[in-house]
1. Mind telling me which of the residues Val87, Val147, Val152 ends up being within 29 Å of Pro37 (Cα to Cα) and within 16 Å of the ligand (Cβ to nearest atom)?
2. Kindly indicate whether Tyr188 is in the same structural domain as Leu54 (by TED's automatic domain parsing), of a type in the set (Ser, Thr, Tyr), at pLDDT 90 or above and surrounded by 15 or more Cβ atoms within 10 Å (Cβ to Cβ).
3. Suppose we filter region 46-78 for residues that are assigned to a loop (DSSP other than H, G, I, E, B) and free of Cβ contacts under 8 Å to residues at least 60 places away in the same chain; how many remain?
4. Checking the structure you have, find out if any residue of region 114-128 is assigned by TED's automatic domain parsing to the domain that holds Gln173, among the hydroxyl-bearing types (Ser, Thr, Tyr) and within 27 Å of Gln159 (Cα to Cα).
5. What's the total number of residues in region 40-75 that are away from the ligand (no atom under 16 Å from the Cβ) and under 21 Å from the mean Cα position of the chain (by Cα)?
6. Has region 102-114 got any residue that is among the aromatic types (Phe, Trp, Tyr), within 29 Å of Lys58 (Cβ to Cβ) and touching a residue at least 12 places away in the same chain (Cβ under 8 Å)?
7. Just the residues that are part of a helix (DSSP H, G or I) and within 15 Å of the ligand (Cβ to nearest atom), please, taken from region 18-39.
8. Could you list, in sequence order, the residues of region 97-126 that are part of a helix (DSSP H, G or I), under 21 Å from Arg206 (Cβ atoms) and of a type outside the set (A, V, I, L, M)?
Amino acid sequence: MKEKLTTNKAASNAALLHITTETPFNKRHDCWFCGEPNQYVFTYLNAFEPQLSLPSCKECYQVAKKSMSKANYEGVHHSIWTIKSDVKHYLVQYYRKDLAIGINWTKIELEESEFEQGDFAGFQRSAWFMFELAKARVNYISWPLIVDGITVPDEYQEQSFNFDDVVYPNIEQAMQHYANTLSLSLDYFRSVVELLGDENFAKAVRFCRLLVAANVFERQQALRQLRIEITSLNR
Ligand SMILES: [Zn+2]
């Protein structure tokens, strides 16, 4: 019942509100979410905000639609920024292995990796290209949304976390990605980031890599030691 009311309200609001978001001329072929060529139009519709029509590639369209349907079904409010965050989350996961290239290699190292011959030649050729492509889609800066002459405040930008040239939807996802790529315990890594602070993300990565094969007990000890050091530094 509640769900039906929401849908009806959304429909009537949509009829009342006139929707204008302008796509800049040089972006007219871009997907609003990722910058790939657009073939679809994603229509953002809920009971609270004006409807938005955004050009989108097939992949982003599907993820965005799923995110919106889920929110509408559960009766929760997903702003366009929550939906964008879901799309970027999907892209980070989809490109997990390609993004990992940039964590494990530099371009020069990869070129000099001496895999030109044999089974890994193809990998060496495509790896950096795939990393750049993945990064471009994940980092793509959507053009501002202007509705009736007013720019919709960009909540995505506020929550996103920029590390080593990649923009993650939030710090939690950056932590998951690094833990996964470097085989770190996520809980341990989270605790270290918490102790050192978000601004010391790189240091937290290095700290966790010191004890990459450690067991739970050793990690607990390391955390205790780190806590003591930080406390004494702050004294
Ligand atoms: Zn896209």
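1. Values: Val147 fails: within 16 Å of the ligand (Cβ to nearest atom); Val152 fails: within 16 Å of the ligand (Cβ to nearest atom).
Answer to the selection: Val87.
2. Working: in the same structural domain as Leu54 (by TED's automatic domain parsing): no; of a type in the set (Ser, Thr, Tyr): yes; at pLDDT 90 or above: yes; surrounded by 15 or more Cβ atoms within 10 Å (Cβ to Cβ): yes.
It is false that Tyr188 is in the same structural domain as Leu54 (by TED's automatic domain parsing), of a type in the set (Ser, Thr, Tyr), at pLDDT 90 or above and surrounded by 15 or more Cβ atoms within 10 Å (Cβ to Cβ).
3. Step one: of region 46-78, the residues assigned to a loop (DSSP other than H, G, I, E, B) are 46-51, 57, 75-78.
When the remaining residues are screened for being free of Cβ contacts under 8 Å to residues at least 60 places away in the same chain, the result is 46-49, 51, 57, 76-78.
So the count comes out to 9.
4. Quick first cut of region 114-128, residues assigned by TED's automatic domain parsing to the domain that holds Gln173 only: 114-128.
Applying the additional criterion that residues be among the hydroxyl-bearing types (Ser, Thr, Tyr) yields 126.
Now narrow it down to the ones that are within 27 Å of Gln159 (Cα to Cα): none.
No - not one qualifying residue is present in region 114-128.
5. Going residue by residue through region 40-75, those that are away from the ligand (no atom under 16 Å from the Cβ) are 45-51, 69-75.
Checking the rest, the ones that are also under 21 Å from the mean Cα position of the chain (by Cα) come to 69-71.
Total satisfying the criteria: 3.
6. Step one: list which residues in region 102-114 are among the aromatic types (Phe, Trp, Tyr), which gives 105.
When the remaining residues are screened for being within 29 Å of Lys58 (Cβ to Cβ), the result is none.
No: zero hits.
7. As a first pass, look at region 18-39 and keep what is part of a helix (DSSP H, G or I): 25-27.
Selection gives Lys27 alone.
8. Hits for region 97-126 are Gly102, Asn104, Glu109.
The values are calculated or read from the model by the stated rules, or taken from the named source; none is laboratory data. For clarity, every value in this text was computed on a predicted model and none was experimentally measured. Counting neighbours? That spans all protein chains shown, and the Cβs are built from the backbone with ideal geometry, glycine included.
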